[in-house]
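*Asks:* Structure in structure tokens, see below.
Only the coordinates and a few stated rules stand behind these numbers; no lab work does. As the structure is a prediction and not an experimental result, all values here were calculated from the model. With ideal geometry, Cβ positions are generated from the backbone for all residues, glycine too; neighbour counts draw on all protein chains shown.
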Amino acid sequence: MVDVDLSQPPFTLLDDAGRDRVRGGVDLAYFDNQEIILDAGQPGEFVFMIHKGEVAELDPTMPAAASRIGHYTAGDLFGAISILNGKSRYRFQAEQESLCYLLPKALFQRLCDDYPAFAEFFRQSLTHKARLLTERRAEGGVTMAGFMLARIGECMREPLVVDQATSIFDAVSTLNASHADSLLVCDGERFGMVTKTDLLNALVIEGLTQERPAIEVAHFELVTASAEQYLFEALVRMTRHEVARVVVVEEGKPVGVVELTDVLSFFSSRSYVVSLQVEQADSLDELARASARTPELVRALMAQGVKLRFAMGLLAALNGRIMAKAWGFAVDEAHRDASCLVVMGSEGRGEQILKTDQDNALILADDHHWPECEAQMHEVTETLIRLGYPPCPGNIMVSNPDWVGSVSEWRERIARWAARRDGDSLMKLAIMLDAHAVAGQTALLDQVRDELFERCRRDEILLSYFARTALRFSTPLTLFGSLKKPQHGIDIKKGGIFPIVHGVRTLALERGIRATSTLDRLDALAEDGRLESSFAEDLGEALALFTELRLRQQLERDGDGEDANRVVVQQLSSLERDLLREALHMVKDFKQRLSQRFHLEYS
């Protein structure tokens, strides 16, 4: 039996008996340098597993300079798709003396028949392969099917519904009998929420009698979700809307209620109660203690294999609540409704997992008088530093008067930046485009963003300058389409993350899309028809892969320094290298599209 390494996917999708069948059925073959191993049009007879050497994948229909579309090294597979399709579409040629294990077609097909997951591996797109990688990383912990990726329908309670004539007395009796904390009052087609706290306040604070209808204290602005959404999303909505329950709605009717206690019961044996600690913090010290636990939360989420999109959503909501509470501690109440604290950059896009530098600004209502504003903004910056958000090296913070202004002042700044179109101005426009309100009056930010879209979205010259920045850094692929492998690693932020984030931001600006998250912008661009759905989805998965690789570096280095952006290709598994290569080709394709759309080919 051959001693071949089967510790990586797809062979981890086989059981021990299946792997023994592989070891017992493969042969080792030698190929000379430049020897064609499998030619285009040739029937697939083997799956090739490279033991030593390097193999190029070539498209013979293309000119020689552009024919190289793939590159395989030790641990990589090729030839399986040729068997599934009946013949090879491309040519595979040794680029040096190579040794390959040969898995015969008949054995491969029997394994596919006996192990559906193994067969599916070879039919999956980049999106599905990325998901497989995430699931593999969850080994040793709870699977994605459990824990936070449970559906809301698995956790919701049956709604307690009473009619509009129900008295406060009867509502309290119903809650006590049902051991519930809330009920819904039906008013025709409308449903309102009443909690035990609402009823207690009605009787004690407002002095209502027990005979008065409970509907008088009902809240009709419900936070809703569907049963098919992830439980994780319910927690994000509760955190973002500052509520303790979500009403589950199907076809306009309530079919369940998910309470914060229900969600937390999923985490009861764990320490993921940071959101609850944030809400309960009555002092800056308590808030600082809750804030200090977010890195612990990140590590736990990643160890559980939670999909990065949901982890980013929860962390963004948590950071927003932490900053909003800090705002409440530092700013006088009289100024809160006449101002808006916004976060920008990756925090504004909801794409920051670990805490990084502050990027924030303040928008004031035009008629608001706040003489001590500058002093209080310095206090806000110091408070956020204490909560673990380091100062911005570029001084983009509310303690800098350049990032504080009335709505009119912000409009003037945007008009000035749009007219200049220099590097500094374009950077500031990009920063403001990602702004997200975390405290105060969101409508003030909406007024500023209206000006930004009005000034920029139809200005083709400005859009062209704006898009050019996405092409600023080269994609770390060789001329022949394989991964560059410098010993110090490739910069995944410059080579992968930035082109996608800024390119998608540019298209969103062009189309007037108000979402700030790159993934939400991609969804909107697909819905708008600006990008094909499959391309938008693959681009989103590529971004998720880059972000996850970067996050791993940050967690390993316990920080987010420049080195954390560098990924050493040689340290990745075969599957990870395969995914990274495909993802970078997506980036290259996207940059070419940007170049064509904004006429940057010769700029």
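*Asks:* Report the calculated FRET efficiency for D459 and A165 (r = Cβ-Cβ distance, R0 = 51 Å), to the nearest 0.05.
*Replies:* Computed FRET efficiency for D459 and A165: 0.30.
*Asks:* Can you name the helices of the chain, as whole DSSP H runs, whose Cα span along the helix axis is 18 Å or more and whose Kyte-Doolittle mean is not below 0.0?
*Replies:* Once both thresholds are applied, what remains is 308-330, 498-511.
*Asks:* Using a Förster distance of 41 angstrom, determine the FRET efficiency expected from the C-beta separation of L284 and D589, and round it to 0.05.
*Replies:* 0.25
*Asks:* Next up: In nanometres, what is the gap between the two model label sites at Q596 and E556, each 7 Å from Cα along Cα-to-Cβ?
*Replies:* Label-label distance for Q596 and E556, simple model: 3.7 nm.
*Asks:* Add +1 for every Lys or Arg and -1 for every Asp or Glu among the other residues with Cβ under 11 Å from the Cβ of V172, and state the total.
*Replies:* That works out to -1.
*Asks:* Sticking with this structure for a sec: Mind jotting down the three principal axis lengths of region 1-118 based on Cα atoms? Whole angstrom, largest first.
*Replies:* Cα extents, longest axis first: 45, 27, 19 Å.
*Asks:* Sequence-distant or interchain residues sharing an amide H contact under 5 Å with V161, placed H: which?
*Replies:* Correct list: L184.
*Asks:* A follow-up question, please. Report the local net charge at S425: Lys and Arg +1, Asp and Glu -1, summed over other residues whose C-beta lies under 15 Å from its C-beta.
*Replies:* Surrounding charge for S425 is +2.
*Asks:* Taking 7 Å along the Cα-to-C-beta vector as the label spot, tell me the K87-S226 distance in nanometres, rounded to one decimal.
*Replies:* Placing both labels 7 Å beyond Cα along the Cβ direction yields 4.4 nm.
*Asks:* Can you list residues from other chains, or at least 5 along the same chain, whose modelled amide H is less than 5 Å from the amide H of Q441?
*Replies:* Here S339, C340, L341 satisfy the definition.
*Asks:* Measuring from label point to label point, each 7 Å out along Cα→Cβ, what is the V204 to D450 span in nm?
*Replies:* Here the answer is 4.4 nm between the modelled labels.
*Asks:* For region 405-533, what class follows from the C-alpha gyration tensor (a ≥ b ≥ c being the square roots of its eigenvalues): rounded when a/c is under 1.5, otherwise prolate if a/b is larger than b/c, else oblate?
*Replies:* Note, shape of region 405-533 comes out prolate.
*Asks:* Follow-up. Do the sum for the chain: with -39,500 (n - 2.57) for every DSSP H run of n ≥ 4, divided by all residues, what is the mean residue ellipticity at 222 nm, to the nearest 500 deg cm²/dmol?
*Replies:* Helix-only estimate at 222 nm: -14000 deg cm²/dmol.
*Asks:* Taking the Cα atoms of the chain alone, what are Rg (to one decimal) and Dmax (as a whole number) in Å?
*Replies:* 28.1, 93
*Asks:* How big is the charge dipole of region 439-549 about its Cα centre, in debye rounded to the nearest 20, if each Lys and Arg gets +1 on its Cβ and each Asp and Glu gets -1 on its Cβ?
*Replies:* Approximately 600 debye in magnitude.
*Asks:* Follow-up. For I37, list long-range residues whose amide hydrogen, built 1.01 Å from N in the peptide plane, is under 5 Å from its own amide hydrogen.
*Replies:* The list, which skips near neighbours in sequence, is F92, Q93, A94.
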